Amino acid sequence: MLEAILLVGGQGTRLRPLTISTPKPMLPVAGYACTEHQIARAKEAGVERIVLGTSYRAEVFEEYFGHGEKFGIEIIYAVESEPLGTGGAIRNAASHLISSGEDPVIVFNGDVLTGLDISALVQKWRTADADVALYLTRVEDPRAYGLVPTDADGRVIEFREKPTTPEELVTDQINAGCYIFKRSVIDQIPSDRPVSVERETFPELLSSNAKVIGVVDDGYWLDLGTPLAFAKGSADLVRGIAPSPLLKGRTGEALIEPTAKVDSSALITGGTYIGHHAIVGANAIITGSVIFADVEVGTDTQIKNSIVSTGANISSGCEIVDTVIAERAQIGAGVKLEPGTLVFPDESR
Ligand code: GTP
């Protein structure tokens with residue numbers, strides 16, 4: 001039986017204020033929790049059992065996913081009372097796995113949107129008889145990521161987290177947040193303290209001569225960790241640029257829930273998602289944005305590349321660009337917000 005661990009216990013600090021009450025992997029992207037898109041993709045790849053490694057706001061996941069009955073996959077929870085870091089979370093989750101010894105275990109970060117062919121990655125891990133296979137992607141500016149150079153045979157040479165000097169930029173290949181582990185390798189991770197898989201486990205595996213391979217996949221990949229990336233990821237899903245089994249046959253310039261009321265003169269485009277019971281007034285223009293449930297948008301308001309959280313109210317004639325508006329915040333008529341503004345819950349502008 002193919003099993004996976006999904007890491008969903010992070011604080012999501014870069015996505016505050018959205019993550020004050022909702023953990024990042026549960027925020028809706030194109031109408032579904034990011035985790036739900038991942039579970040659907042894992043299921044498509046033949047995964048039958050998923051352990052969710054939770055910590056921050058752990059209860060929210062269990063309430064939503066239960067034991068997985070509605071999602072056609074068995075879901076188990078490994079809850080950390082204190083966050084154990086990515087490596088510690090993998091180790092903690094492993095005690096709930098049925099797999100043993102040489103079996104493959106798929107591990108995903110909970111905030112990554114990807115078109116990776118998971119089965120192909122497992123196959124490459126198998127063919128190479130690797131201890132760990134890492135999914136790598138290429139990015140133009142790798143400075144914010146973990147660099148993973150490989151040799152001609154695909155073996156990982158080193159791990160370089162978030163390089164700061166030009167000399168350190170040895171490759172454009174980065175850790176894309178999905179791994180295939182040999183089950184027995186997970187059991188070597190210390191269980192009694194926080195461990196970072198990127199900074200500790202992987203470098204240690206290299207020092208002990210373990211076989212760690214990197215598999216570059218140039219398909220769709222996006223880390224949803226920042227507000228702009230989050231809005232882009234949602235828009236890419238809505239437009240069908242990012243693949244998700246949950247949206248098959250429903251992609252286009254906008255995804256509007258049937259319970260939302262959008263005035264016929266409003267222009268909703270660029271992959272915008274409009275949530276349940278939201279109201280959008282006449283002549284509003286909304287582009288590339290995520291509008292959560294119960295939001296009200298006034299007449300003539302323009303919103304671009306922004307995220308407006310549950311129950312927020314934006315009055316008429318506003319200009320909102322590259323902005324995050326938290327739940328129940330109130331924006332008065334005619335307000336123009338500087339790009340990059342974060343409006344906190346219950347705040348007024
Ligand atoms: P930032 O605080 O904005 O950096 O976000 P984050 O807390 O999610 O951290 P990061 O993006 O580095 O985490 C990568 C993945 O690992 C995400 O899916 C997190 O949910 C998950 N993760 C990070 N730390 C922990 C942890 O201590 N426990 C568990 N279970 N998951 C974690």
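The values are calculated or read from the model by the stated rules, or taken from the named source; none is laboratory data. Fair warning: this is a prediction, and the values are worked out from it, not measured in the lab. All Cβ positions, even for glycine, are placed from backbone atoms using ideal geometry, and neighbour counts span all protein chains on display. Ligands, DNA and RNA are excluded from the accessible area calculation, which covers all protein heavy atoms including side chains. Shrake-Rupley method; radii C 1.70, N 1.55, O 1.52, S 1.80 Å.
The rows are residues; the columns are (1) open to solvent by less than 30 Å² (accessible area, probe 1.4 Å); (2) away from the ligand (no atom under 15 Å from the Cβ).
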| site | (1), (2) |
| --- | --- |
| GLY85 | no, no |
| SER99 | yes, yes |
| PRO104 | yes, yes |
| VAL107 | yes, no |
| LEU121 | yes, yes |
| ALA130 | yes, yes |
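Among what's in region 202-225 and is open to solvent by 40 Å² or more (accessible area, probe 1.4 Å) and among the acidic types (Asp, Glu), pick the residue that is nearest to the ligand (Cβ to nearest atom).
Checked region 202-225; the qualifying residue nearest to the ligand (Cβ to nearest atom) is GLU204.
Restricting to region 267-292, give me the number of residues that are without any contact (Cβ under 8 Å) to a residue 24 or more places away in the chain and either assigned to a loop (DSSP other than H, G, I, E, B) or among the aromatic types (Phe, Trp, Tyr) (or both).
Adding up the residues that qualify gives 6.
Would a scan of region 174-197 turn up a residue that is in contact (Cβ under 8 Å) with a residue 12 or more places away in the chain and farther than 27 Å from THR35 by Cα?
no
Could you check region 52-165 for helices (runs of 4 or more DSSP H) lying wholly inside it with 2 or more residues that are of a type in the set (S, T, N, Q)?
Numbers: elements: 58-65, 85-94, 118-128.
Filter on region 52-165 gives 85-94, 118-128.
Could you please give the count of residues in region 236-251 that are open to solvent by 10 Å² or more (accessible area, probe 1.4 Å) and either in contact with a Ser or Thr (Cβ under 8 Å, 6 or more places away or on another chain) or in a strand (DSSP E or B) (or both)?
Counting residues in region 236-251 that are open to solvent by 10 Å² or more (accessible area, probe 1.4 Å) and either in contact with a Ser or Thr (Cβ under 8 Å, 6 or more places away or on another chain) or in a strand (DSSP E or B) (or both) gives 2.
Looking for something closer than 20 Å to PRO345 by Cβ, among the hydrophobic types (A, V, I, L, M, F, W, C) and surrounded by 23 or more Cβ atoms within 10 Å (Cβ to Cβ) - is there at least one such residue anywhere in region 43-64?
No, region 43-64 contains no residue that is closer than 20 Å to PRO345 by Cβ, among the hydrophobic types (A, V, I, L, M, F, W, C) and surrounded by 23 or more Cβ atoms within 10 Å (Cβ to Cβ).
In region 87-97, which residues are within 8 Å of the ligand (Cβ to nearest atom) and either open to solvent by 40 Å² or more (accessible area, probe 1.4 Å) or of a type in the set (Ser, Thr, Tyr) (or both)?
The answer is ASN92, and nothing else.
What do you reckon, is PHE65 at pLDDT below 95, more than 9 Å from the ligand (Cβ to nearest atom), assigned by TED's automatic domain parsing to the domain that holds VAL112 and hydrophobic (A, V, I, L, M, F, W, C)?
Spelling it out, it is not the case that PHE65 is at pLDDT below 95, more than 9 Å from the ligand (Cβ to nearest atom), assigned by TED's automatic domain parsing to the domain that holds VAL112 and hydrophobic (A, V, I, L, M, F, W, C).
Please specify each residue of region 252-279 satisfying the condition of being open to solvent by 20 Å² or more (accessible area, probe 1.4 Å), hydroxyl-bearing (Ser, Thr, Tyr) and under 24 Å from the mean Cα position of the chain (by Cα).
Listed by number, the list holds a single entry, THR269.
If you go through region 1-36 one residue at a time, how many are within 6 Å of the ligand (Cβ to nearest atom) and open to solvent by 30 Å² or more (accessible area, probe 1.4 Å)?
Final tally of qualifying residues: 4.
So in region 313-349, with the set limited to residues that are among the charged types (D, E, K, R) and outside any loop (DSSP other than H, G, I, E, B), which one is most open to solvent (accessible area, probe 1.4 Å)?
LYS336
Tell me, yes or no, whether region 37-53 has at least one residue that is closer than 19 Å to PHE292 by Cβ, in contact (Cβ under 8 Å) with a residue 60 or more places away in the chain and within 16 Å of the ligand (Cβ to nearest atom). Break it down into steps so the answer makes sense when it comes.
The initial filter retains those residues of region 37-53 that are closer than 19 Å to PHE292 by Cβ, namely 37.
Next cut, in contact (Cβ under 8 Å) with a residue 60 or more places away in the chain only: 37.
If we keep only those that are within 16 Å of the ligand (Cβ to nearest atom) too, we end up with 37.
Yes; the residues of region 37-53 include at least one that is closer than 19 Å to PHE292 by Cβ, in contact (Cβ under 8 Å) with a residue 60 or more places away in the chain and within 16 Å of the ligand (Cβ to nearest atom).
Test LEU113 against the stated conditions and say whether it is of a type in the set (A, V, I, L, M, F, W, C) and either more than 12 Å from the ligand (Cβ to nearest atom) or not assigned by TED's automatic domain parsing to the domain that holds ARG193 (or both).
Numbers: of a type in the set (A, V, I, L, M, F, W, C): yes; either more than 12 Å from the ligand (Cβ to nearest atom) or not assigned by TED's automatic domain parsing to the domain that holds ARG193 (or both): no.
When the stated conditions are applied, LEU113 does not pass them.
Among the residues of region 166-183, which ones are open to solvent by 40 Å² or more (accessible area, probe 1.4 Å) and not in a loop (DSSP other than H, G, I, E, B)?
PRO166, GLU167, GLU168
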